[in-house]
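J.: Have a look at this one.
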Amino acid sequence: MDKYSWSVRELINAPLWSTLYYRTKEGKIRPTWRFWRWLSVIIINVAFFLSYHIDIQFLEGTLTGSRLLGFHLIDPFAALEILAAEHEVHTNIIIGVSTIVGFYFLVGGKAFCGWVCPYGLLSEIGEYFHQKLVSKHIIKEHKFNPKVRYIFWAIFLAAAAIDGYMVFEVINPVGILSRFIVYGWSLAIVWVLVILLIEIFYSRRAWCKYVCPIGTTYAFIGWVSPMKVQWDMDKCDHCAACFIACPEEHVLERFKAKYDEERKEKGITKEFVKDGDCIMCARCFDVCHEDAYNFEFRLKNLV
Ligand code: SF4
Ligand code: SF4
């Protein structure tokens, strides 16, 4: 897709494969950020598969708990569930969760969702079809308050504390998909398909936006992470493409034209996406024909 000459309508109607590359102003073909992200998700999950099936012991386990070259890695929400259910913290969990939290602090909290999570990739493909159906007026978009995710986050942790069991893991599509990739078929995969169908036909990326406590836990890290998406008002012509492409569009609220006067009064031309819900997917980079977005690593002035 030629991102320098598309219309917003073309953006939605472009074939899915054509969103994996773009033409530069000089006419050269380059991979989009989406291409690199999808490649990252595939490589990481294939590494899990190969480590189990040909016993290369590189990345063993699943995305809930794994070992990278023997070093423990634990999903932070799973660690919280274990803490709530068992009321004790094992050394391996402390090592595994500290490593993951440290890593995502540096690269941007919810980068997990955009660059690692296999359900995130499925959901992104589902989102493509959902937006097409909405644009053709075949279905309606159903939006909810994204803050509802905090309620689900608390409910799932409370359930672990009350039951003494990691209740969320029974319905966790990330864990189900990760086990499916590594160990093969199980009936639980039907549940993942049900969620995906809800996202395609009812509400855009509903699981990730409103429910998933794994993503919510990474969002907490994202709020304080020094890695941010930066937007440049001087380049932006407010075409709104990024609002259409962003899976968490509420994080871009501050970049609307109505805030331009306020920015000018303050003498600010660049702003960060401060909201931890940003999944660092760079879809806004991919669709911006003015190249108004970039990543910035900032330790000062984050709040
Ligand atoms: S919100 Fe949950 S399911 Fe969605 S991409 Fe993030 S971890 Fe995966
Ligand atoms: S602001 Fe950009 S990087 Fe962040 S979630 Fe939205 S599209 Fe992705």
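The values are calculated or read from the model by the stated rules, or taken from the named source; none is laboratory data. What you see is a predicted model, and the numbers here were worked out from it, not measured in a lab. Neighbour counts run over all protein chains shown; Cβ positions are idealised from the backbone, glycine included. Remember, those area values only see protein heavy atoms, side chains included, never the ligands or the DNA or RNA. Shrake-Rupley method; radii C 1.70, N 1.55, O 1.52, S 1.80 Å.
J.: Looking only at strands (runs of 3 or more DSSP E) that lie completely in region 18-99, which have at least 1 residues being aromatic (Phe, Trp, Tyr)?
T.: Details: elements: 21-23, 29-31, 59-61, 65-68, 71-74.
Once the strands (runs of 3 or more DSSP E) in region 18-99 are filtered for at least 1 residues that are aromatic (Phe, Trp, Tyr), what remains is 21-23, 71-74.
J.: Do we find that PHE272 is farther than 25 Å from ALA14 by Cβ, in contact (Cβ under 8 Å) with a residue 40 or more places away in the chain and within 14 Å of ligand 2 (Cβ to nearest atom) in this structure? Quick ask: steps written out before the conclusion?
T.: On the way: farther than 25 Å from ALA14 by Cβ: yes; in contact (Cβ under 8 Å) with a residue 40 or more places away in the chain: yes; within 14 Å of ligand 2 (Cβ to nearest atom): yes.
Against the criterion (farther than 25 Å from ALA14 by Cβ, in contact (Cβ under 8 Å) with a residue 40 or more places away in the chain and within 14 Å of ligand 2 (Cβ to nearest atom)), PHE272 qualifies.
J.: Of all residues in region 245-259, how many are without any contact (Cβ under 8 Å) to a residue 60 or more places away in the chain and either within 16 Å of ligand 1 (Cβ to nearest atom) or loosely packed, with under 14 Cβ neighbours inside 10 Å (or both)? Explain how you work it out, then say what you get.
T.: The first filter runs over region 245-259 and keeps only residues without any contact (Cβ under 8 Å) to a residue 60 or more places away in the chain, leaving 246, 249, 251-259.
Applying the additional criterion that residues be either within 16 Å of ligand 1 (Cβ to nearest atom) or loosely packed, with under 14 Cβ neighbours inside 10 Å (or both) yields 246, 249, 251, 253, 256-258.
The number of residues fulfilling the criteria is 7.
J.: Kindly evaluate VAL97 against the criterion of being farther than 21 Å from TRP36 by Cβ, surrounded by fewer than 14 Cβ atoms within 10 Å (Cβ to Cβ) and more than 16 Å from ligand 2 (Cβ to nearest atom).
T.: Against the criterion (farther than 21 Å from TRP36 by Cβ, surrounded by fewer than 14 Cβ atoms within 10 Å (Cβ to Cβ) and more than 16 Å from ligand 2 (Cβ to nearest atom)), VAL97 does not qualify.
J.: Let me ask you something else. Given (1) open to solvent by less than 20 Å² (accessible area, probe 1.4 Å); (2) away from ligand 2 (no atom under 12 Å from the Cβ), identify the lone condition not met by TRP231.
T.: Going through (1) open to solvent by less than 20 Å² (accessible area, probe 1.4 Å); (2) away from ligand 2 (no atom under 12 Å from the Cβ) one by one, TRP231 breaks only (2).
J.: Considering only region 165-188, how many residues are under 18 Å from PRO213 (Cα atoms), open to solvent by 30 Å² or more (accessible area, probe 1.4 Å) and part of a loop (DSSP other than H, G, I, E, B)?
T.: The total comes to 3.
J.: State the number of residues belonging to region 129-159 that are more than 22 Å from the chain's Cα centre (by Cα), assigned to a loop (DSSP other than H, G, I, E, B) and in contact (Cβ under 8 Å) with a residue 24 or more places away in the chain.
T.: Number of matching residues: 1.
J.: Based on this model, can you work out whether VAL101 counts as touching a residue at least 60 places away in the same chain (Cβ under 8 Å), in contact with a strand residue (DSSP E or B) (Cβ under 6 Å, 6 or more places away or on another chain) and either aliphatic (A, V, I, L, M) or farther than 22 Å from PHE168 by Cα (or both)? Outline the logic, then answer.
T.: Working: touching a residue at least 60 places away in the same chain (Cβ under 8 Å): yes; in contact with a strand residue (DSSP E or B) (Cβ under 6 Å, 6 or more places away or on another chain): no; either aliphatic (A, V, I, L, M) or farther than 22 Å from PHE168 by Cα (or both): yes.
Considered against the rule, which asks whether it is touching a residue at least 60 places away in the same chain (Cβ under 8 Å), in contact with a strand residue (DSSP E or B) (Cβ under 6 Å, 6 or more places away or on another chain) and either aliphatic (A, V, I, L, M) or farther than 22 Å from PHE168 by Cα (or both), VAL101 comes out as no.
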